[in-house]
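Right, one structure below, let's go through it.
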Amino acid sequence: MTVSGGVDMEAGGAAAGAGGAAAAGSSDDEARCGGRFVEDWCCACAGLFAGPNPMMARYLYALIFLVTNLLAWTLRDYGNSALAELQRLKVCQGARYCLGTEGVLRVSLGCFLFFFVMFLSTVNTTKVQEWRNSWHSEWWPAKVVLWLGITAVTFLAPSPLVQLYGKVAHFGAGAFLVIQLISVTRFIMWLNDCCRSEITRKRCHLQIQVVSIVTYVGALLGIVLMYVWYAPSPACKLNILFITVTLVLVQLMTFVSMSSKVKAGYLAPGLMGIYVVFLCWSAIRSEPHTEICNKKAAVATSADWVNIASFVIAVIVIVAATFSTGIDSKCIQFKKAEGESEEDDIPYGFGFFHLVFAMGAMYFAMIFVGWNAHQTMEKWTIDVGWASTWVRIGNEWLAAIVYIWMMIAPIIWKTRQVGSSAET
């Protein structure tokens, strides 16, 4: 969506007219870069009681997703006694922790099926007048009943089917992570383009330079702190490898962005540096708490309030990441849509939105069980285990590769086009 703004000014002379045109251009640029969030909230509030409201509907779907996450966590940490009463759930040969793990998979399966049904019933919706817009944005009692009914049915499913879903969920969760990192990378590049526009650079040149330097230095500082916290001795070879590769990736992204052909500035590599450092930190934090090089994890385990706060923040991040990725249907478009959007077009892709939430259901199942349905998870922990560590490290490396490719791909394609035109 593009937000357009204008300034209606009455001018008495040519100078006033020129000033009005400049003000209008400035307003257009600011609206494009900063008005999207305001427009969404205004539309949601103004149209709350005025028929189908897809802008407000997405927040209600996020609430359903959040409740499902909390239900899965409750069954994992406190549901062993309840699940033990169900004969069909006895699949782990007396290992009671598997009941909690299987409870997570069943809740995730119910959430996945609900959003997949919504995906099938709303995919390819293009206009707000279609009945599928009403189904997506209204009929909440029916959809709540559908969600609860599907979740209840999954607790009657045979255990082999649930275990099979747990294996398939690895791939769905991986696809979710790929789409998420593409969405994050696109947002960083979009923000960089906005800040590098001519009007923005004239008005906020100093502020942009300060933010660029702070993000880049912050990424380097994060790497130094990880060396101090998670690589206290030469014996921590794996952590040293992870942190060193992260340092190399940050420098490589900066080199590519500052090259003479790209000229993207320091802001984009600084923000991407913060992102990959965060992914590396998350990966090391996911190492088992018994690991001698992970002293910070041991501190978190000994302080209950720190562990609980980390868990709550992690759940909120899961929901927020799923929500933000779901409304960014353009992140997987390989060709730009031709023509301008019309007033009766839907504000975001309904089908893609529900598909991302369906994959998000697989993702939260994986991080609640540490990407391994056969390991024990401590209470108030999330995404802990060697499988989780390597998944996050792979996600970090892939994020850097995607960013570098997005930077150099336009240059490569432009060179090919010039070469092909020269041959003809």
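Just a few scattered comments:
- FRET efficiency estimate (nearest 0.05) - Cβ-Cβ, W413 to V262, R0 22 angstrom: 0.95
- Cut-off 13 Å, label 7 Å out along Cα→Cβ of W405, residues of the range 255-290 by amide N: none
- T74 paired with E198, simple spin-label distance in nm, labels 7 Å along Cα-to-beta-carbon: 5.9
- With every protein chain in place, the range 125-170: carbon and sulfur % of accessible area (1.4 Å): 82
- Principal axis extents of the C-alpha atoms in the range 209-290 (largest first, rounded to whole Å): 46, 21, 18.
- Computed with a 1.4 Å probe over protein heavy atoms only, the accessible surface of the range 345-394 comes to 29 Å² per residue.
- Heavy-atom accessible surface of W229, to the nearest 10 Å², is about 90 Å², with a 1.4 Å probe and all protein chains retained.
- Per-pair calculated FRET efficiency, R0 = 25 Å: L148 and K379 via Cβ, rounded to 0.05: 0.45
- Percent of Cα pairs in the range 111-174 per distance bin of 5 Å, from zero to the largest separation: 4, 14, 20, 20, 16, 12, 9, 3, 1.
The values are calculated or read from the model by the stated rules, or taken from the named source; none is laboratory data. Since the model is a prediction, treat every value here as computed from it, not as a measurement. Positions of Cβ are generated from backbone atoms using ideal geometry, with glycine treated the same way; all protein chains shown enter the neighbour counts. With ligands, DNA and RNA removed, areas are computed over all heavy atoms of the protein, side chains included. Shrake-Rupley method; radii C 1.70, N 1.55, O 1.52, S 1.80 Å.
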